[in-house]
Ligand SMILES: [Zn+2]
């Protein structure tokens, strides 16, 4: 079976391993049985909504409040991805969620970059870039955007808008994203995760090169046509969508109709720990429910590399390694 090699939609906090959580708790003089950690971060089967899903981030956020923790988490994630055979990943996180103990957003970012760089140097088979998330309803987004501008090309590859979609309309972030666009910082936006096709349209109009999830587009012929026309990359996260009940049955996931229509769709994990998934598992679920072939999975990895926020020459090198 085809082994996925690229993940463009992966949250650092939601992919924090249980062993690193244990280690970080211990540094704070705390212990927590593995079972308890497991229950705190894993999405339960009876999860009913995105809001409930987002509660799984509380413990990871609690422990990711020091420079050591950010560096360790970033290193550990890139190391695991390299061992799983990935050649490229874009890891996203919101620096403003890691300032509870007094770190500045820039200190948070610098530590994370250190972890990624060290892992890349220890595992040269993988390249990884960071996406800085602004948060829906967040009160420190301007600072995040300034950091994205300052560090783009230097550890950071782009930006994102994350959080509880719909709580604040996307257009409220117009100025923020126009500011990124002016400085040529590429970005993706979580849009259409909960089923609203209009959010996908708005994200594209706001200049997003990619959309996170994008499920809602299935409800609108016009929005799907727009995705094809603009070749906006859709970051599909199938296991996550099943858990948040955005899609009730894998066979009904829009990844298949999107792909068949010529939308540049990609396979992603969203949150490896909270969703208990890997790229491999995503492929198994997708292949099992929708009969994707190895050639089709390869096409989706090509879509991912073409949609990555890296220079063309780096894309060419990565494309060569897919075959
Ligand atoms: Zn996400």
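The set of residues in region 12-22 that are farther than 21 Å from residue 284 by Cβ and either surrounded by 15 or more Cβ atoms within 10 Å (Cβ to Cβ) or in contact with a strand residue (DSSP E or B) (Cβ under 7 Å, 6 or more places away or on another chain) (or both) comprises 12, 13, 16, 18, 20, 21, 22. For region 149-171, residues that are closer than 23 Å to residue 244 by Cβ and away from the ligand (no atom under 16 Å from the Cβ) total 2.
Applying the criterion of at least 2 residues that are within 16 Å of the ligand (Cβ to nearest atom) to the helices (runs of 4 or more DSSP H) found wholly in region 208-287 leaves 238-243. Test residue 137 against the criterion of being more than 23 Å from residue 238 (Cα to Cα) and within 16 Å of the ligand (Cβ to nearest atom), and give yes or no. Yes, satisfied. For region 84-185, the helices (runs of 4 or more DSSP H) that sit wholly inside it and include 3 or more residues that are crowded, with 21+ Cβ neighbours inside 10 Å are 105-122, 141-151. For residue 4, are the conditions met, namely being touching a strand residue (DSSP E or B) at 6+ places or on another chain (Cβ under 7 Å), more than 16 Å from the ligand (Cβ to nearest atom) and either assigned to a helix (DSSP H, G or I) or farther than 19 Å from residue 131 by Cα (or both)? Here the answer is yes, as residue 4 does meet what is asked.
Read the figures in this text as sums done on the coordinates, not as results from a lab. Remember, it's a predicted structure, so these values are computed and weren't measured experimentally. Cβ atoms come from the backbone with ideal geometry, glycine included; neighbour counts cover every protein chain shown.
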